[in-house]
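One structure is given below, encoded as structure tokens.
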Amino acid sequence: MVVSPSATFSAVGLIALAVWFPVTMLTVSGIANTRASYLDVARTLGASRWYLIFRVAIPAAMPASSSGCSWDWETSFLTLVVAETVGVKSGLGWYVSWAQGWAEYGKVFAALIIMAAFFSTIMTVLFKVRDRVLNWQKGVIKW
């Protein structure tokens, strides 16, 4: 079966649009909520503008960005399933729709279990990476 490039491009565009907004808003909010005392101390010690951005503001925004990323994984997965169900002729979302049309409910549930296991694995890995990257918040660095 040949998948048309326009269907794939539209599915990718739909996922990118669904993911862009939450991550952007939470990152901007995290940067805007950087404690002024952090910036004042860095300026007092002679930090340049780039240092303030990349070494103070962005690390301070990482907790908000990571919550945006976890939210975006959920959103992108749901958007992917919807895009596959509606417009793309491949993937598990399409397979669920096809199996449901033929009343193959065992296959529908099997595909749903595969989706749940895949999503659960991705979220577990994402949380482990987040905990590793943001371990400085706990006050103890464990490597």
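The values are calculated or read from the model by the stated rules, or taken from the named source; none is laboratory data. Quick caveat, the model's predicted, so the values are computed rather than measured. Heads up, the Cβs are rebuilt from the backbone with ideal geometry, glycines too, and the neighbour counts pull from every protein chain shown. With ligands, DNA and RNA removed, areas are computed over all heavy atoms of the protein, side chains included. Shrake-Rupley method; radii C 1.70, N 1.55, O 1.52, S 1.80 Å.
Hey, what did the chain get for relative contact order, percent, Cα under 8 Å, at least 6 apart?
Computed over the chain, the figure is 25 percent.
Would you kindly derive the ³J(HN,Hα) couplings of region 95-108 from the backbone phi angles with the Karplus curve 6.51 cos²θ - 1.76 cosθ + 1.60 (θ = phi - 60°), listing them in order in whole Hz, with x for Gly and Pro?
3J(HN,Hα) across region 95-108, in whole Hz: 5, 4, 5, 5, 5, 5, x, 9, 6, 9, 5, x, 5, 4.
Heavy-atom accessible area of residue 51 with all protein chains present, probe 1.4 Å, nearest 10 Å²?
In the full protein context, residue 51 sits at about 110 Å².
Using only Cα atoms, locate the centre of region 54-117 and the centre of region 11-37, then give the distance between them in Å, rounded to an integer.
Each part's Cα centre sits 19 Å from the other's.
How tilted is helix 5-32 with respect to the longest principal axis of the chain? Cα atoms for both, answer in degrees (0 to 90, nearest 10).
Compared with the principal axis, the helix lies near 30 degrees.
How would you classify the chain from its alpha-carbon gyration tensor, with a ≥ b ≥ c the square roots of the eigenvalues: rounded for a/c under 1.5, else prolate if a/b is greater than b/c, otherwise oblate?
prolate
Need one number: nm distance between label points at residue 33 and residue 20, each 7 Å from Cα along Cα→Cβ, rounded to one decimal.
The answer from the label model is 2.4 nm.
Within region 6-136, what whole-number % of the accessible surface is contributed by carbon and sulfur, with the 1.4 Å probe and all protein chains included in the calculation?
71
Sort 19, 86, 129 by accessible area with a 1.4 Å probe, largest first.
86, 129, 19
Quick one: accessible area per residue over the chain, 1.4 Å probe, rounded to a whole number of Å²?
Per-residue value: 70 Å².
Could you rank 114, 58 by how accessible they are, 1.4 Å probe, largest area first?
Descending order: 114, 58.
For residue 109 and residue 127 in one chain, what is 0.36 nm times their gap in residues minus the Cα-Cα distance, to one decimal in nm?
This chain segment gains 3.8 nm when fully extended.
Kindly sort 78, 126, 112 by accessible area of their heavy atoms, largest first, with the probe set to 1.4 Å.
The ordering from most to least exposed comes out as 78, 112, 126.
At 1.4 Å probe size, what's the solvent-accessible area of residue 130? Round to the nearest 10 Å².
It works out to around 80 Å².
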